[in-house]
Amino acid sequence: MKIITALEAQLGEAAILHGEKLQSRYHHIWKMDKPLNAVAVVLPKTTAEVAAVVQLCHQMGQEIVVHGGLSNLVGGTETAAHQLVISMEKMNAIEEVDPISKTLTAQSGAIIEHLIDAAANHDLLLPLNFGAKGSAQIGGAIATNAGGLRVFRFGMTRQLVLGLEAVLPDGRIITNLKKIIKDNSGYDLKQLFIGSEGTLGIVTRVVLRLIEKPSSRCSALVGVENYDKVLQLLKHMDKGLGGTLSGFELMWQHTYETMTSDPSPYRAPIPQHYPYYVFIEVMGKNHTQDVKLLEDLVGDCLENEIVLDGMLAQTDKELNALWQIREDVAVLAAQAKDDQHFDISLPIPKIGSLIDQITADLKKLPVVDRIFTFGHVADGNIHFIIGKHENNPDVIDAVNALVYKHLKAHQGSVSAEHGIGLHKKKYLNTSRSEVEIELMQQLKQLFDPKNILNPGRIVN
Ligand SMILES: Cc1cc2nc3c(=O)[nH]c(=O)nc-3n(C[C@H](O)[C@H](O)[C@H](O)COP(=O)(O)OP(=O)(O)OC[C@H]3O[C@@H](n4cnc5c(N)ncnc54)[C@H](O)[C@@H]3O)c2cc1C
């Protein structure tokens with residue numbers, strides 16, 4: 001094939017996988033048994049190599065799909081047989097941690113967990129934290145503007161990016177790897193590449209903002225009777241902890257029960273019959289004082305019947321065991337056949353009643369057999385994993401319609417953090433106006449008039 005010969009001439013044969021070699025490649029970490037459908041996978045090692053490949057594709061009108069850590073939940077890395085994959089996995093160098101500027105510079109294929117470790121070696125924290133951090137790459141997190149478990153305190157990925165470098169769909173390189181915090185010299189173009197899911201450019205290098213690593217971390221898990229009390233608990237903790245509350249994660253009873261019963265490897269730290277469970281994380285300065293404060297606050301809540309039960313995790317081992325129950329959503333996905341994943345935003349006060357309504361509606365659909373609900377409630381973001389015993393476009397649409405039913409009326413979002421990808425494009429208009437969608441299409445046309453880079457993601 002002409003494109004493969006041309007790519008091999010540019011990058012060398014070892015950097016281009018095709019034919020038999022695609023048998024061991026896949027498009028998602030949960031679909032490793034399904035061989036990749038694509039022309040070839042290209043493995044560049046430098047920005048110049050990415051630019052050369054993209055330039056060639058631009059000339060030849062070759063469609064490209066970018067592969068990061070393959071952990072997205074919206075079909076963003078699915079491919080068709082005529083598409084070429086550029087995988088960022090070899091561009092994983094951590095170039096510098098600057099403890100004075102408190103920045104980390106890396107190639108975009110670096111795994112998030114490796115960046116967290118590199119920052120920790122300098123007593124600094126990269127506050128990105130989510131279940132897929134061991135697979136997801138920083139380029140993927142930037143492309144999706146990933147959120148996670150500490151957004152409430154530290155913000156989304158967007159808040160952590162100081163500078164970036166990207167290859168445009170015609171092969172030009174845009175470099176802005178400044179470490180500075182303030183830069184109002186015109187449009188902040190880097191923002192266009194954050195959350196645009198690889199449709200406007202391929203992120204190749206990045207400067208991240210780090211923070212001083214809090215020297216103490218402790219957590220509690222509490223059982224709560226109703227959603228109003230969850231909100232009272234959030235207020236009490238946020239106010240009482242004086243800025244050190246870094247995680248406040250909600251899990252509905254059925255989800256907790258599933259996460260802590262066979263065949264899950266996890267066991268319930270507190271009984272399984274409370275309607276709601278809240279995972280609380282505190283990151284502060286003085287471990288003894290932080291634990292005491294958290295203990296006192298949970299004690300107040302028990303006394304005032306805001307919570308029904310609770311336990312404290314203090315050691316790293318206890319903390320990790322507790323947070324695995326919240327983070328390891330693969331356990332839920334494994335029990336939900338033909339699963340659909342949702343990631344909606346709703347105003348925080350409305351979440352309890354709206355999720356009850358959505359759940360009741362879903363239970364009326366005979367094809368639905370599992371409904372798992374959990375999420376980043378302090379950010380107004382709830383996830384659903386829905387399992388079914390039938391999977392066809394009508395069933396998928398029926399489930400989508402019920403979950404998205406209330407978004408417009410309550411000014412919610414069809415995607416709080418996972419993005420739109422291929423799977424949610426049809427529903428973009430539940431969160432975005434006609435004018436907004438039109439502008440997105442115009443931007444895509446401006447950056448990528450031949451529509452070769454991640455085509456069909458977000459907008460057509
Ligand atoms: C168990 C689990 C838990 C999760 N929890 C969360 C969570 O709490 N919060 C959250 O936000 N997400 C979560 N996710 C979703 C996912 O991990 C994030 O969307 C993550 O940011 C994707 O990164 P990735 O490297 O895997 O990207 P991929 O899945 O490889 O790609 C995602 C999109 O970005 C594009 N892309 C990848 N790399 C680049 C690049 N260098 N330049 C341009 N475009 C690129 C791809 O083409 C694709 O469209 C979770 C996923 C799993 C499996």
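For the range 111-129, give me the residue count where each residue is in a helix (DSSP H, G or I), of a type outside the set (Asp, Glu) and closer than 16 Å to Ala146 by Cβ.
Start the filter on the range 111-129 by keeping residues that are in a helix (DSSP H, G or I), which leaves 112-120.
From what's left, of a type outside the set (Asp, Glu): 112, 114-116, 118-120.
Within this subset, residues satisfying the condition of being closer than 16 Å to Ala146 by Cβ are 112, 114-116.
Qualifying residue count for the region: 4.
Can you find a residue that is more than 8 Å from the ligand (Cβ to nearest atom), out of contact with any strand residue (DSSP E or B) (no Cβ under 6 Å at 6 or more places or on another chain), aliphatic (A, V, I, L, M) and not assigned by TED's automatic domain parsing to the domain that holds Thr157 anywhere in the range 76-96?
Checked the range 76-96: at least one residue is more than 8 Å from the ligand (Cβ to nearest atom), out of contact with any strand residue (DSSP E or B) (no Cβ under 6 Å at 6 or more places or on another chain), aliphatic (A, V, I, L, M) and not assigned by TED's automatic domain parsing to the domain that holds Thr157.
Which condition number does Asp33 fail, the rest of (1) in contact with a helix residue (DSSP H, G or I) (Cβ under 9 Å, 6 or more places away or on another chain); (2) part of a loop (DSSP other than H, G, I, E, B) being met?
(1)
Between residues in the range 264-282 that are farther than 27 Å from Leu241 by Cα and residues that are charged (D, E, K, R) and assigned to a loop (DSSP other than H, G, I, E, B), which pairs lie under 9 Å by C-beta distance while being six or more apart or on different chains?
Pairs that qualify, where the first residue is farther than 27 Å from Leu241 by Cα and the partner is charged (D, E, K, R) and assigned to a loop (DSSP other than H, G, I, E, B), are Ser264/Asp328; Pro265/Asp328; Tyr266/Asp328.
Would you be able to say whether some residue in the range 155-177 is hydrophobic (A, V, I, L, M, F, W, C) and farther than 24 Å from Thr46 by Cα? It would help to see each step written out before you state the result.
To start, the set of residues in the range 155-177 that are hydrophobic (A, V, I, L, M, F, W, C) comprises 156, 160-162, 164, 166-168, 173-174, 177.
Now narrow it down to the ones that are farther than 24 Å from Thr46 by Cα: 156.
Yes; the residues of the range 155-177 include at least one that is hydrophobic (A, V, I, L, M, F, W, C) and farther than 24 Å from Thr46 by Cα.
Report yes if some residue within the range 419-441 is within 15 Å of the ligand (Cβ to nearest atom), surrounded by 15 or more Cβ atoms within 10 Å (Cβ to Cβ) and polar (S, T, N, Q); otherwise report no.
No, that holds for no residue.
Identify the single condition in (1) within 16 Å of the ligand (Cβ to nearest atom); (2) closer than 22 Å to Ala313 by Cα; (3) among the basic types (Lys, Arg) that Lys213 does not satisfy, given that it satisfies every other one.
(1)
Determine whether Val41 is assigned to a strand (DSSP E or B) and hydrophobic (A, V, I, L, M, F, W, C). Steps first, answer last, please.
Numbers: assigned to a strand (DSSP E or B): yes; hydrophobic (A, V, I, L, M, F, W, C): yes.
Answer is yes for this residue.
Mind listing whichever residues of the range 180-195 are free of Cβ contacts under 8 Å to residues at least 60 places away in the same chain, outside any helix (DSSP H, G or I) and either touching a strand residue (DSSP E or B) at 6+ places or on another chain (Cβ under 8 Å) or surrounded by 10 or more Cβ atoms within 10 Å (Cβ to Cβ) (or both)?
Just the residues of the range 180-195 that are free of Cβ contacts under 8 Å to residues at least 60 places away in the same chain, to begin with: 180-191, 193-194.
Still in the running and outside any helix (DSSP H, G or I): 180-189, 194.
Scanning the range 180-195 gives Ile180, Ile181, Asp183, Asp188, Leu189, Ile194.
Picking from Lys337, Lys350, Lys317, which residue would you name as being in contact with a strand residue (DSSP E or B) (Cβ under 8 Å, 6 or more places away or on another chain) and either over 22 Å from Asp262 (Cα atoms) or not in a strand (DSSP E or B) (or both)? Talk me through it step by step, then tell me what you get.
Values: Lys350 fails: in contact with a strand residue (DSSP E or B) (Cβ under 8 Å, 6 or more places away or on another chain); Lys317 fails: in contact with a strand residue (DSSP E or B) (Cβ under 8 Å, 6 or more places away or on another chain).
Going through Lys337, Lys350, Lys317 in turn, just one is in contact with a strand residue (DSSP E or B) (Cβ under 8 Å, 6 or more places away or on another chain) and either over 22 Å from Asp262 (Cα atoms) or not in a strand (DSSP E or B) (or both): Lys337.
For the range 130-172, enumerate the residues that are part of a strand (DSSP E or B) and either of a type in the set (Ser, Thr, Tyr) or within 8 Å of the ligand (Cβ to nearest atom) (or both). Spell out how you get there, then give the answer.
Restricting attention to the range 130-172, the residues satisfying the condition of being part of a strand (DSSP E or B) are 137, 148, 161-167.
Residues satisfying the conditions are Gln137, Gly148, Ala166.
What number of residues in the range 188-215 are over 30 Å from Asn176 (Cβ atoms) and at pLDDT 95 or above?
Residues of the range 188-215 over 30 Å from Asn176 (Cβ atoms): 215.
When the remaining residues are screened for being at pLDDT 95 or above, the result is none.
Here the count works out to 0.
Please enumerate the residues belonging to the range 368-397 that are surrounded by fewer than 17 Cβ atoms within 10 Å (Cβ to Cβ), charged (D, E, K, R) and outside any strand (DSSP E or B).
Matches in the range 368-397: Glu390, Asp394, Asp397.
The values are calculated or read from the model by the stated rules, or taken from the named source; none is laboratory data. What you see is a predicted model; the values in this text were computed from it and never measured. When we count neighbours, we look across all protein chains shown, and the Cβ atoms used for this are built from the backbone with ideal geometry, even at glycine.
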